[in-house]
Amino acid sequence: MSQANPFSRTANRRDFLRWLAASPLLATLPGCTPRAASPGSNSRTPAPVPTPIPPAPITPRPSLDDLVTTAADALDVFDMEKVAETTMPAAHFGYIQTGVDGEETQRNNRNGLESIHIRARRLVDVSRLDTRVTLFGREWPTPIVIAPCGSQKGFHPEGELATARAAQAATHLQALSTVSSTAVEEVNEARGEPVWYQLYATSNWEVTRAVVERVRAAGCPVIVLTVDLPAGSNRLTLQRWTRIDDRTCNSCHRPRGRAPTVKPMFQGTPYRPGDFRTPAMTWDFIGRLREITDQRIVVKGLMTHEDATLALEHGADGIWVSNHGGRSEGSGQATIDALPEIAAVVSGQVPIIVDGGFRRGSDIFKGIARGADAVAVGRPYLWGLGAFGQPGVERVLEILRNELALTMRLAGTPSLASIGETSIGTD
Ligand SMILES: Cc1cc2nc3c(=O)[nH]c(=O)nc-3n(C[C@H](O)[C@H](O)[C@H](O)COP(=O)(O)O)c2cc1C
């Protein structure tokens, strides 16, 4: 004998109709007044009317995005990105996010990292971790570096000072941009020691000389010479975000045709806006710099072993593998993929820093595995800055340090030195 399936649609519908027929609700519907039973028409006693169960009150479920209301709530750097998008002026957020062209290079920085997997080893004593790295005789507790990024007061009123204080709180190496919205002397004071200084050369040598002399006098031990932006870049995302936010801002998206305020590091020099492009600059520039300063010179923006070799031949003290976070050329080449050929020719002669798309501790691990001594981040700490100021930057750095430590433990690599080519693989 077949039994009615209590979960069948027919059984459910039958139960529902029974409940509806007995419900006072039916009486409120037009044309649905229950008929009074005529005497004798139905000898059965009417069924007792059940009390309908009131519907449960609807409490809207909080959106996951609403859960990050303090810096400490962020679980990864992408949580910061979501908050920064809501707290920052649109054009300024667009300035952070932009790559060039269709953003292929920026995406490939991430794709390159995500196509690498970690080869986790087991039963290694990872009770003590060593994440120290020594660069030019100075030991840092972590290989995570703050990349030079300009105009930080456009992201938070405290700008580079908030970043410097966050860097100091956990002793991160910080590089300050030439186009910072705060002067190097103030940043050094907030950082508690001189930062590395990123130099954009100008086509006017007297401007460059004045800037270098100033940062040398300020005690900055290293000049990071950026060479990947000689003649502008095609930043379409920035242009789109700027169209929806045309407020006046002297530090970046000034109204068309109006001259920007001169950046603090160019003040007191003969700088003119056109000086910023350096299409005629060649490798000899390193030698010229050498003549006016004894600071270490790290060349930032290299993507090929040929250029790494030239940099060494011209006396560079360090190499920074970078495509400006996909904001300079639209080569499509990921920095993590450029790293091995550069590490091969450098072969430990000088330190290597890499940046571009590093968003998790596991990414930093992969950079170290492919031959970098240190890994720099740009957008992640800017998201933290835009979202919550100094606590946001501190939290981003803390997240990355924690993730790196956990990755090292799970991969069975107790020190940076133990992370090598065999720690990773590709599909
Ligand atoms: C908003 C912004 C401003 C930047 N400004 C500079 C700069 O002034 N000088 C420089 O050498 N690089 C600059 N960069 C590039 C960074 O130093 C770094 O190479 C890049 O951000 C790393 O990629 P990531 O953002 O994916 O981490 C900037 C990047 C961003 C996002």
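The values are calculated or read from the model by the stated rules, or taken from the named source; none is laboratory data. What you are looking at is a predicted structure, and each value in this text was computed from that prediction instead of being measured. All Cβ positions, glycine included, derive from the backbone under ideal geometry; neighbour counts span all protein chains shown. Side chains are part of the model used for accessible areas, which takes the heavy atoms of the whole protein and leaves out ligands, DNA and RNA. Shrake-Rupley method; radii C 1.70, N 1.55, O 1.52, S 1.80 Å.
In this structure Ile353 has an accessible area near 10 Å², from a 1.4 Å probe over the protein heavy atoms. Among 418-427, 165-174, sorting by the average number of other beta carbon atoms lying within 10 angstrom of each residue, highest first, gives 165-174, 418-427. Along the charge dipole of the stretch 86-154, Cβ charges K/R +1 and D/E -1, which of Pro148, Gln97, Ile118 sits furthest on the positive end? Highest projection toward the positive end goes to Ile118. Take every DSSP beta bridge whose two residues both sit in the chain; close to 20 percent of them are antiparallel.
Ignoring ligands, DNA and RNA, please state the percent of accessible area on the chain from carbon and sulfur, probe 1.4 Å. Ligands and nucleic acids excluded, carbon and sulfur reach 53 percent.
Ranking Arg235, Arg191 from most to least accessible surface, computed with a 1.4 Å probe over the protein chains only, gives Arg235, Arg191. Derived scalar couplings between HN and Hα for the stretch 369-386 equal 4, 8, x, 7, 7, 8, 10, 9, 10, x, 3, x, 6, 5, 4, x, 5, x Hz in order, rounded to whole Hz, by the Karplus curve 6.51 cos²θ - 1.76 cosθ + 1.60 (θ = phi - 60°), x for Gly and Pro. Database remark: amide H of Asp130 closer than 5 angstrom to the amide H of Ser415, Leu416 (H placed geometrically; neighbours at sequence offset of 5 or more, or on other chains; Pro and chain starts carry no H). The largest accessible area among Cys149, Cys220 belongs to the first residue in Cys149, Cys220, and the rest follow in falling order (1.4 Å probe, all chains). Taking a straight Cα-Cα cut-off under 22 Å and skipping sequence neighbours fewer than 8 places away in the same chain, the lysines within cross-link reach of Lys366 are Lys300.
In this structure the amide hydrogen of Leu199, modeled in the peptide plane, comes within under 5 Å of the amide hydrogens of Val224, Leu225, Thr226, none closer than 5 places in sequence on its chain.
Select from Ala201, Pro279, Gly367 the residue farthest towards the positive end of the dipole of the chain; place +1 on Cβ of Lys and Arg, -1 on Cβ of Asp and Glu, and compute about the Cα centre. It is Gly367. Simple rule: put +1 on each Lys or Arg Cβ and -1 on each Asp or Glu Cβ in the chain, find the dipole, and look at Phe136, Thr163, Ala343; the Cα lying farthest toward the positive end is Thr163. Taking Rh as the Kirkwood radius, which is the inverse of the mean 1/r over Cα pairs, what is the Rg/Rh value for the chain? That ratio is 1.23, to two decimals.
Across the stretch 349-361, rounded Karplus estimates of 3J(HN,Hα) from the backbone phi angles (6.51 cos²θ - 1.76 cosθ + 1.60, θ = phi - 60°) give 5, 9, x, 10, 10, 10, 8, x, x, 6, 10, 9, x Hz, Gly and Pro being marked x.
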